[in-house]
Amino acid sequence: MVVFWVLVCAQILNAQTIAIRTVDAGPYGQGSSITAPITVDETAVQLSPNNRFDLYLSDANGNFAGATLIGSYVGHFTGFVNGFIPGGTPAGTGYRLRVQSTSPAAISAVSNPFTVTLNTGVDAKASSSSTSSSSAEVFG
């Protein structure tokens, strides 16, 4: 009986709780901001209020073996996670994103591929004051 409940709980945590919707195909330059629009399936698992969503960038071939953390958001709900393409990122057309939550631990499927160029990127942001004391990048 205990084995049954362990398997059920493991299946719930491994269920697809975070999904990345379509990421703009770019191109993005070095230093560009990038957004991963996400959907959280709250019927599969309840995220804790101190959950952190981490946004990871693959290599130019879409591999996550040496993935780079490019952004984070702390909270139990969000519709997106913002990040920045690091300076020095090689040009390529096969980059992908992945989102991981921390509480409970879950990993999304990878995003559609997008392009990174050697050009200087665009840091898209609002030019008004922040309305969130937890992050200078959160508005509204």
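For the range 57-108 and the range 36-50, what is the separation of their C-alpha centers, rounded to whole Å?
16 Å
Enumerate the calculated ³J(HN,Hα) couplings along the range 49-60 in order (Karplus 6.51 cos²θ - 1.76 cosθ + 1.60, θ = phi - 60°), each rounded to whole Hz, writing x wherever the residue is Gly or Pro.
x, 9, 4, 10, 8, 10, 9, 10, 9, 6, 7, 5
At residue 119 and residue 63, where each label point lies 7 Å from the Cα along Cα→Cβ, what is the point-to-point distance in nanometres?
2.9 nm
Where does each of 37-45, 76-84 land if you order them by average Cβ count within 10 Å, highest first? Present the calculation step by step, with values, prior to reporting the outcome.
Working: 37-45: 14.9, 76-84: 17.0.
The packing order, highest mean first, is 76-84, 37-45.
Rule-based calculations on the coordinates, nothing more; no lab input. Values in this document were obtained by computation on a predicted structure and should not be read as measured data. With ideal geometry, Cβ positions are generated from the backbone for all residues, glycine too; neighbour counts draw on all protein chains shown.
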